[in-house]
1. Regarding region 100-110, can at least one residue be identified that is farther than 25 Å from GLU14 by Cα and surrounded by 15 or more Cβ atoms within 10 Å (Cβ to Cβ)?
2. Based on this model, can you work out whether GLU118 counts as surrounded by fewer than 15 Cβ atoms within 10 Å (Cβ to Cβ) and assigned to a loop (DSSP other than H, G, I, E, B)?
3. Please return the ranges of strands (runs of 3 or more DSSP E) entirely within region 1-96 where 1 or more residues are touching a residue at least 12 places away in the same chain (Cβ under 8 Å), polar (S, T, N, Q) and surrounded by 13 or more Cβ atoms within 10 Å (Cβ to Cβ).
4. Being over 20 Å from TYR141 (Cβ atoms) and charged (D, E, K, R) is the filter; apply it to region 39-74 and report the residue that is modelled with the lowest pLDDT.
5. Looking at (1) over 18 Å from SER136 (Cβ atoms); (2) of a type outside the set (Gly, Ala, Ser); (3) at pLDDT below 95, which is the one condition that is false for GLU36?
6. Filter region 1-53 down to residues that are under 17 Å from GLU79 (Cα atoms) and β-branched (Val, Ile, Thr), then give me how many there are.
Amino acid sequence: MYPTKLNSIINLFEILPEDERRETLVSYADNAKKQEPREGENFELVDVRKDEECMDTVGVYLHVGENGKAQIRMTLGPEVQTLTRSMSAILCKGLEGSTPREILDLPSDFVTRIVGAELVRVRSQTIYYVLTRIKSICKVYLDRQRMAAA
């Protein structure tokens, strides 16, 4: 149901007690910089903007290889909250190797399994923001592919 890498991350978070879950989220947030575009990488789509529901600018970069598999990279402004940073790192890692269609069709119910019900309740907009942005860039990509084929 979920991409293999994402499923492994979900399974890890589900077995953690609440305090360790939060520590692990902070650890992912601290590693979010590793998900930024690297020198020499090319992207089919780039979407960099500051939305009303986010504290700072977020950039989403999509590369789709010849095999049809997506690679997502992200840039996050300095004011972006810890939870958004965590979800960025988790999704970039967890969705690597998925197709844009698989990403677009991904149900969002796994988010609660990663962050926990309490944080979802308190920070729901923040938590789903990154997934929404990633799905959005995949939709644009798929729409362009469909138009090019027509």
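1. yes
2. Criteria not met by GLU118.
3. In region 1-96, the matching strands (runs of 3 or more DSSP E) lie at 70-76.
4. GLU53
5. Single failed check for GLU36: (3).
6. 2
Here is a yes/no grid of residues against (1) modelled with pLDDT under 95; (2) of a type in the set (Lys, Arg); (3) within 21 Å of PRO3 (Cβ to Cβ):
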position: LEU76; (1), (2), (3): no, no, no
position: ARG101; (1), (2), (3): no, yes, yes
position: PRO107; (1), (2), (3): yes, no, yes
position: LEU119; (1), (2), (3): yes, no, no
position: ILE127; (1), (2), (3): yes, no, yes
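The values are calculated or read from the model by the stated rules, or taken from the named source; none is laboratory data. Please read these numbers as outputs of a predicted model, since none were measured by experiment. Please note: Cβ atoms are built from the backbone with ideal geometry, for glycine as well, and neighbour counts cover all protein chains shown.
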